[in-house]
1. Residues of region 220-237 being surrounded by fewer than 20 Cβ atoms within 10 Å (Cβ to Cβ) and touching a residue at least 60 places away in the same chain (Cβ under 8 Å), which ones?
2. Which residues, taken from region 41-65, are touching an Asp or Glu at 6+ places or on another chain (Cβ under 6 Å) and either within 20 Å of ARG118 (Cα to Cα) or surrounded by fewer than 19 Cβ atoms within 10 Å (Cβ to Cβ) (or both)?
3. In this structure, does ALA191 turn out to be under 27 Å from ILE87 (Cα atoms) and either small (Gly, Ala, Ser) or under 19 Å from the mean Cα position of the chain (by Cα) (or both)?
4. Select, from ARG136, ARG75, ARG121, the only residue that is more than 23 Å from LEU230 (Cβ to Cβ), among the charged types (D, E, K, R) and modelled with pLDDT of 90 or more.
5. Based on what the data block shows, is GLY119 surrounded by fewer than 21 Cβ atoms within 10 Å (Cβ to Cβ), within 32 Å of the chain's Cα centre (by Cα) and under 30 Å from THR78 (Cβ atoms)?
6. Just to confirm my filter: which helices (runs of 4 or more DSSP H) fall fully inside region 264-378 and include at least 1 residues that are within 15 Å of VAL397 (Cβ to Cβ), among the charged types (D, E, K, R) and modelled with pLDDT of 75 or more?
7. With respect to the numbered conditions (1) under 30 Å from HIS66 (Cα atoms); (2) under 24 Å from the mean Cα position of the chain (by Cα); (3) of a type outside the set (A, V, I, L, M, F, W, C), which one is the sole condition not fulfilled by THR279?
8. With the structure loaded, tell me whether LEU244 is touching a strand residue (DSSP E or B) at 6+ places or on another chain (Cβ under 7 Å), in a helix (DSSP H, G or I) and not charged (D, E, K, R) or whether it fails that test.
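The values are calculated or read from the model by the stated rules, or taken from the named source; none is laboratory data. Note that the structure is a prediction, hence the values are computed from the model and not measured. Backbone-built Cβ (ideal geometry, glycine too); neighbour counts: all protein chains shown.
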Amino acid sequence: MIFNAFERMVALRYLRARREEGFVSVIAGFSLAGIALGVATLIIVMSVMNGFRAELLQRILGLNGHLGVYELTNRPMTDFDKIAGKIAKVDGVVRVIPTVEGQVLVSANSVAAGVIVRGVRPGDIRAREIIADNIRAGSLENFKGRSSVIVGSRFARKFGVRPGDTVRLVSPQSNATAFGSVPRSKRYKIAAVFEVGMFEYDSSFVFMPLEAAQIYFRSKNAVTNIEVFLENPDQVPNTRAEILRAAGEALRIVDWQQANASFFNAIEVERNVMFLILTLIILVAAFNIISGMIMMVKDKGRDIAILRTMGASRGMVMRVFLLAGASVGVIGTAIGFGLGVAFAGNIETIRQWLQGLTGTELFAAEIYFLSQLPSVVETSDVVSVVAMSLGLSFLAVLYPAWRAARLDPVEALRYE
């Protein structure tokens, strides 16, 4: 729809309030602010939810395999190197890591807590970038032998330990002695401290050399599972069948989608619900535009009648009010777009500034899993938000503009 200079001039004039009310009418101002706030909030929330999913996915899949291969009976795998060699030859598989995993009680400096212990070969832990590239203290060169472990940064702070200190691991498996069953325990020396940025892993995961874990958990020459890393995590369904064929044995495979299905489904549901709730802000602003435009049509009845008697067509009058109302939506959407993208792109910096200003922790890792506030601005999300805002704004002005065009100039001048 093309607007001529006269229509633009009249529309702009109608957006101006009376002198005593300021430059822009109060209702138009509130409508503009509502749309800008709604668009900005939607972009920020959608970006944060995208960031949450991306960061969690990166950390979960970085520390855990894309596929876990187990015995059907959940017994330890004794021929794991043979099976791992066959799996490594499957197209799309980039790394195969035999693992011994178990839960234990850790105690140090009068502090005790349950943790998950994973036994892996030193070469495999060095090849896992999320660990090797995030060592905060100590060195992976000391991760060897039968008495060394590496722990997370929050684990180290909670227990008050650092590289070179020792921690005691107490296993639920017991030793039979002359005095009865006694829990098995052993001291291990901390070789290094890692930090992957996810609270659960940094606080409750302990890695030890595979041989040491086999001895500690009484899994001599056996592992609990084999972790498989793929080039593309989304190719899990196809690769699963190929792995079973290549292994040639009855195995049970659990992929990352199965292991974390409820978690990522919850994030997706929350994201969709937040989108619907925050859309109401824009919808309320659109209703404000409708009410404001209807009041404007009523207030400008005499002006419309004069325009009609001077030769203005109904289409011209309709375009004037369409332009006046749509301008509020377009300007509000543009302001919201700019604010939303700018805020989402610098949200971690803003969080740090607010924390320093208020002296409070605004994003506790214990609650939100991550130590930093993530944000990923998806172009498709921004486009959908902007399109929805503009669409609601244009729809909101159709009825008032149609009503203005249908106004009878004779009736309007008669009652003035």
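1. Answer for region 220-237, where residues must be surrounded by fewer than 20 Cβ atoms within 10 Å (Cβ to Cβ) and touching a residue at least 60 places away in the same chain (Cβ under 8 Å): ASN221, ALA222, PHE229, GLU231, ASN232, PRO233, GLN235, VAL236.
2. Answer for region 41-65, where residues must be touching an Asp or Glu at 6+ places or on another chain (Cβ under 6 Å) and either within 20 Å of ARG118 (Cα to Cα) or surrounded by fewer than 19 Cβ atoms within 10 Å (Cβ to Cβ) (or both): just GLY65.
3. No; evaluated as a whole, the condition is false for this residue.
4. On inspection, the qualifying residue turns out to be ARG136.
5. no
6. 314-345
7. Just one mismatch for THR279, condition (1).
8. The answer is yes for LEU244.
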